[in-house]
Amino acid sequence: MFSEAKIGEYLKNTTLQIEVQFILDVTMIRATGEIVWSKPYANGSQFGVLFHEDENIDELIISEMKQRRKKEVLQDKFTKIKY
């Protein structure tokens with residue numbers, strides 16, 4: 001396993017590409033990108049990823065974020081209603 005220092009040194013000298021899979025609302029999103037920064041976080045690390053340009057992925061991410069936000073707003077309204 002890489003330590004934070006080793007990853008930081010590695011990133012200074014090369015480009016590290018990764019494939020990330022995540023769900024923002026309901027759809028699995030797969031995107032490839034390059035790690036552009038890293039920093040310590042809790043017992044591990046956080047990484048900044050610059051995704052390769054893909055209009056379909058961009059649209060899917062925006063759509064998923066909008067759907068998730070609508071659900072959050074509706075949930076918030078229902079939790080504030082007193083019965």
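The values are calculated or read from the model by the stated rules, or taken from the named source; none is laboratory data. The shown structure was predicted, so the numbers you read here are calculated from the model rather than taken from an experiment. For neighbour counting, all protein chains shown are included, and Cβ atoms are generated from backbone atoms with ideal geometry for every residue, glycine included. For accessibility, only protein heavy atoms count, side chains too; no ligands or nucleic acids. Shrake-Rupley method; radii C 1.70, N 1.55, O 1.52, S 1.80 Å.
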The one condition L74 fails out of (1) at pLDDT 90 or above; (2) open to solvent by 100 Å² or more (accessible area, probe 1.4 Å) is (2)
I'd like the full set of residues that are in a helix (DSSP H, G or I) and either modelled with pLDDT of 90 or more or among the hydroxyl-bearing types (S, T, Y) (or both), limited to the stretch 1-38. Y10
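Give the residues of the stretch 39-71 that are loosely packed, with under 10 Cβ neighbours inside 10 Å and not in a helix (DSSP H, G or I), sorted by residue number. Even if it seems obvious, please write down each step before you answer.
In the first step, residues of the stretch 39-71 are kept if they are loosely packed, with under 10 Cβ neighbours inside 10 Å; the result is 42-44, 53, 55-56.
Answer for the stretch 39-71, where residues must be loosely packed, with under 10 Cβ neighbours inside 10 Å and not in a helix (DSSP H, G or I): A42, N43, G44, E53.
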Would you check which residues across the stretch 33-83 are among the β-branched types (V, I, T) and either in contact with a helix residue (DSSP H, G or I) (Cβ under 7 Å, 6 or more places away or on another chain) or under 20 Å from Q17 (Cβ atoms) (or both) and list them? I35, V36, V49, I57, I61
